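Just so you know, all these numbers are worked out from the coordinates, no wet-lab data involved. Bear in mind that the values here come from a model prediction, so they are computed numbers and not experimental data. FYI the Cβ positions are ideal-geometry reconstructions off the backbone, even for glycines, and counts take in every protein chain you see.
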Amino acid sequence: MKRFLSALFALMVSMPSLSAAEKSAPKESEAYKFADKLIKKMTLREKIGQLQQFVPKKGVVTGPDGGVENIEESIRQGLVGSFLNIRSTKRMHELQRMAVKESRLGIPLIFGFDIIHGCRIIFPENLAMSCSWDIEAIERSARIAAAETAAIGIHWTFSPMCDISADPRWGRVSEGSGEDPYLGAKISAAMVRGYQGKDLSADNTIAACVKHFAAYGAPQAGRDYHTVDMSRFMLIDRYLPPYRAAVEAGAVTAMSSFNDFEGVPASGNRWLLHDLLRGELGFKGFVVSDWNSVHEMVAHGTAANGKDAARQAMNAHLNMDMVYGDYIKYGEALVEEGEVSEKTINQLCREVLAVKYQLGLFDNPYKYGSQNKSEVIYRAENLQFARELAAKSMVLLSNNGVLPLKEGVKIALVGPLADNAYAQLGAWRGLGEAKRSVTIREGLEARFGKENIFYAKGCDFRKTIEGGIEEALRAADKADVVLLSIGLSHKESGEATSLTDISLPAPQQALLDALKGTGKKIVVLLGTGRALDIRNEVEKADAVLLTWHGGTMEGPAVADLVSGDKNPSGHLSISFPYCVGQLPLHYNMKMTGRPRKSPQHNSKYLSRYTDAPNEPLFPFGYGLSYTEFEYSDLKVVTPNVLMGGTVKVRVKISNTGQCAGEDVVQLYVRDLVAETTRPVRELKGFERVSLAAGESKIVEFKIPTSDLAYCHSDLKVRADSGDFLVWVGADSNAKLQGKFAVR
Ligand code: BGC
């Protein structure tokens, strides 16, 4: 019986979510019908043209070489289906006009751009946003970004990035949602809903792109573009959920990753792009390569030349070649030589055309970019929302009572991020404009009065400034407290910014030391797109507020928090390591056969470091507030649950401090005996709760047993009966514990 239930459940889990499929079904089938008819009229060359994406010579550069000359002629001949990285509405409409009016079949172009955490209004970097654990807010940020993007004339964003990563040596952790598959899945799906809305053809929605498929977040040793060596088991168990969730939310495009998987580069990996993405996850849209990643199979050493690379990618079910041009160069010859069938080309092409149809481009190719921009872009309520989201994303890491600041306080504001309109926008700042950033300095001046802020830059990110420290000391001298805005610049966040040393650069540490010498209270405002080794700063500072790269409205958000107008409520979505040697580090590690916390804990032969703790400096889920929250009365309402039922767990949370606040209540489980090894804890529920001082609430979690599914050795995801431990609290070290069984 148990077996039968497991098998039945396995079937249910592996089926694509019905509701998502149902939702998109009518439009999708209409789109495919349209595409099939159109394909009949197309020459082979024209079909291959739809599979080629170029960046124009003057486009924004987001990768090595690329950029085609003479794009007009290519458009007229139908040799290009898409462009990326054009910012100008006028230019996009000009090119569209050429495609529609001057090419034989008038097929519209699709324009793509990296709108990663906002378009004009820039929200905090994605890793930061994920620390808000506010799924609705994140969806809204994508909604706003979509409306602004569409108003500029862009149809398609290369987002959400669904790559789980637990290695902050890798700069691209900033683009994802941290180390946890459950939180990552909720966020990926929310972003897709935000971008695509309910109607993809509306003039305020855009196509989303599930990237980077797959496992890009685990490059060896944190070095970008490096090999990924991961089992299918690990991929399915821990890395797949955010991609899956984005597909199930209806994302119409996906992007292959740069890395190899099981020795085959993702862009030529049919198991990934066809069997898994389409077969298992039910993806129905089109896949674009990453920048040059088709041609890069030559450098990987799995393709002899560009033609061979195009052959492999086409046969792997990769629809669109980004930038390099191997598809258009060799596609026809490959078909003529029988290396790629015309049926394959038809399939690749129809999936591209169907998305263009769903976007409404065949109805009105100029719909995007024709809106009244001033009504859509930089709307006041959206700026206000960006301020709120930035504040919710910031995490109070330590505080000995110096925060919130007292009214009338005099502040020395020091550091390379304190008045840096550009850096605060972070990596991948879309079409954000530094001139619209409100810096920390401006935010504090507006809140505390200009006369109370004494600013000094102190140093550059990685360089000293002559007289910088002296100037900082003079500022400190006039003030009651020092706010030290240090960290990494936007250039050390995002793609191609891997680091081996994740502590703060020496000039900034020297600045901290000099200011510490004054005896003034020091609050570190830590700006970064990745987790860092901040042992030193935490030890020396009176408080550390992780401000991240907070986006356009970072300044007012910081002012809201340090003044106490708002209470910090962000919680880490990535562990802050004790030291770089622990990486990759994540809370949901496996037990191992020799867990450090075992009955033989005095033995030498346990899984641990001899020179550092196993634990991070700050764990996943961690975040302080100006008030105190107490958790009590954990009750497992359903100690015995039937497979297919729902586990219910209640907990009481009380605000026992002096002011109102919000906390993120988190629920973790451990599957005690499973067929494959399970993490020590896994997040399975969370809720943001707002409480007035003295107030208490009961929070009830409802966990369907399907959420307890995991990857078995036959690579199928299913839930089993068995015993589980459950914890609820404010971080991944939550202490309140209960038990339940699934039968
Ligand atoms: C990045 C992608 C991005 C693409 C287009 C690549 O270098 O890996 O994430 O979407 O460029 O800009």
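Just to confirm the number: angle between the C-alpha axis of helix 135-152 and the first principal axis of the chain, 0 to 90 degrees, nearest 10?
50 degrees
Explain nothing, just the number: relative contact order of the chain, from Cα pairs under 8 Å at least 6 residues apart, as a whole percent.
Across the chain, relative contact order equals 14 percent.
Using the alpha-carbon atoms, what tilt in degrees (0 to 90, nearest 10) does helix 181-196 show relative to the longest principal axis of the chain?
Around 60 degrees separate the two axes.
Choose one of Leu273, Phe283, Ala309: the residue whose Cα lies farthest towards the positive end of the charge dipole of region 238-312 (beta-carbon charges +1 Lys, Arg; -1 Asp, Glu; about the Cα centre).
In region 238-312, that residue is Phe283.
Looking at Val558, Val544, Gln508, which one has the Cα that reaches farthest to the positive end of the dipole of region 500-593 (charges on Cβ: Lys, Arg +1; Asp, Glu -1)?
Val544
Looking at the square roots a ≥ b ≥ c of the eigenvalues of the Cα gyration tensor of region 198-267, which shape do they give, rounded for a/c under 1.5, prolate if a/b is larger than b/c, or oblate? Kindly include the intermediate steps, with their values, before the conclusion.
Working: a/c = 3.03, a/b = 2.08, b/c = 1.46.
The shape class here is prolate.
Separation between the Ala510 and His601 pseudo-spin-labels, each 7 Å from Cα along Cα→Cβ, expressed in nm?
With each label point 7 Å from Cα toward Cβ, the separation is 4.3 nm.
Label 7 Å along Cα→Cβ of Arg535; region 595-620 residues with amide nitrogen under 14 Å?
Zone members listed by number: 609-618.
Distance between the C-alpha centers of region 415-430 and region 379-408? Whole Å please.
Between the Cα centre of region 415-430 and that of region 379-408, the gap is 17 Å.
Which angle from 0 to 90°, rounded to the nearest 10, does the C-alpha axis of helix 342-358 make with the longest principal axis of the chain?
Around 60 degrees separate the two axes.
With +1 assigned to the C-beta of every Lys and Arg and -1 to the C-beta of every Asp and Glu, and no other charges, what is the dipole magnitude of the chain about the Cα centre in debye, to the nearest 20? Kindly include the intermediate steps, with their values, before the conclusion.
Values: 89 positive and 88 negative charges, 227 e Å.
So the magnitude is around 1100 debye.
So if I place +1 on the C-beta of Lys and Arg and -1 on the C-beta of Asp and Glu, and nothing else carries charge, what would the dipole magnitude of region 273-368 be about its Cα centre? I want it in debye, nearest 20.
360 debye
What ranking do 164-171, 731-738 get when scored by the average of other Cβ atoms within 10 Å per residue, highest first?
Output ranking for 164-171, 731-738: 164-171, 731-738.
Where does each of Val355, Val673 land when they are ranked from fewest to most other beta-carbon atoms within 10 angstrom? Each step should come with its number before you reach the end.
Values: Val355 25, Val673 9.
Going from sparsest to densest Cβ surroundings: Val673, Val355.
Among Gly78, Ala202, His117, whose Cα sits farthest toward the positive end of the charge dipole of the chain (+1 at Cβ of Lys/Arg, -1 at Cβ of Asp/Glu, about the Cα centre)?
It is Ala202.
Could you list which residues have their amide H under 5 Å from that of Val210, counting only those 5 or more apart in sequence or on another chain, with H placed in the peptide plane?
Amide H to amide H, under 5 Å and 5 or more residues apart or across chains, Val210 pairs with Thr253, Ala254, Met255.
For a test of the definition: using alpha carbon positions, the gyration tensor, and the 1.5 limit on a/c, classify region 408-453 as rounded, prolate or oblate. Walk me through the numbers before you get to the answer.
Details: a/c = 4.08, a/b = 2.27, b/c = 1.80.
Cα axes put region 408-453 in the prolate bin.
Applying the Karplus parametrisation 6.51 cos²θ - 1.76 cosθ + 1.60 with θ = phi - 60° to the phi angles of region 687-700, what ³J(HN,Hα) value in whole Hz is obtained for each residue in order, glycine and proline being reported as x?
These are the phi-based 3J(HN,Hα) values: 8, 7, 10, 10, 9, 6, 4, x, 7, 10, 9, 9, 10, 10 Hz.
For the pairs Lys198/Lys284; Lys697/Lys735; Lys566/Lys635, flag any whose C-alpha to C-alpha distance is greater than 22 Å.
Over 22 Å Cα-Cα: Lys566/Lys635.
To the nearest 20 debye, what charge dipole does region 385-457 have about its Cα centre, counting +1 at the Cβ of each Lys and Arg and -1 at the Cβ of each Asp and Glu?
Using Cβ point charges on Lys, Arg, Asp and Glu, region 385-457 gives about 60 debye.
Stretch Thr43-Ala612 to full length: gain in nm at 0.36 nm per residue minus the Cα-Cα span?
Numbers: separation 569, 0.36 × 569 = 204.84 nm, distance 6.41 nm.
Difference between extended and current length: 198.4 nm.
Need the C-alpha centroid separation for region 102-170 versus region 200-252, integer Å.
The two parts, judged by their Cα centres, are 14 Å apart.
Per DSSP helix of 4 or more residues, -39500 (n - 2.57); summed, then divided by the residues of the chain. What does that give at 222 nm, rounded to the nearest 500?
-8500 deg cm²/dmol
Going by amide H atoms built from the backbone, whose H comes under 5 Å of the H on Val294, apart from near neighbours?
Those lying under 5 Å, H to H, from Val294 are Met322.
Please arrange Phe54, Phe701 by how many other C-beta atoms lie within 10 Å of their C-beta, fewest to most.
Sorted ascending by nearby Cβ count, the order is Phe701, Phe54.
If you average the alpha carbon positions of region 282-317 and of region 598-612, how far apart do those two centres end up, in angstrom?
Using only Cα atoms, the two centres lie 46 Å from each other.
Lys pairs in region 323-471, Cα-Cα under 29 Å, at least 8 apart or on separate chains: how many?
Going through region 323-471 pair by pair, I get 23.
If you restrict to DSSP beta bridges whose two residues both lie in the chain, what percentage is antiparallel, to the nearest 5?
Antiparallel bridges make up about 55 percent of those DSSP assigns within the chain.
Using a simple spin-label model with points 7 Å from Cα along the Cα→Cβ vector, what separation in nm is obtained for Arg743 and Ala299?
5.9 nm
Once the piece of chain linking Thr656 and Asn400 is laid out straight, how much longer is it, given 0.36 nm per residue of separation minus the C-alpha distance between them? Intermediate values should be presented prior to the final figure.
Working: separation 256, 0.36 × 256 = 92.16 nm, distance 1.76 nm.
Full extension from Thr656 to Asn400 adds 90.4 nm.
Rounded, prolate or oblate: pick one for region 669-743, where a ≥ b ≥ c are the square roots of the eigenvalues of its C-alpha gyration tensor, a/c under 1.5 means rounded, and failing that, prolate if a/b is larger than b/c, else oblate. Please list the in-between numbers first.
Values: a/c = 2.56, a/b = 2.38, b/c = 1.08.
Verdict is prolate for region 669-743.
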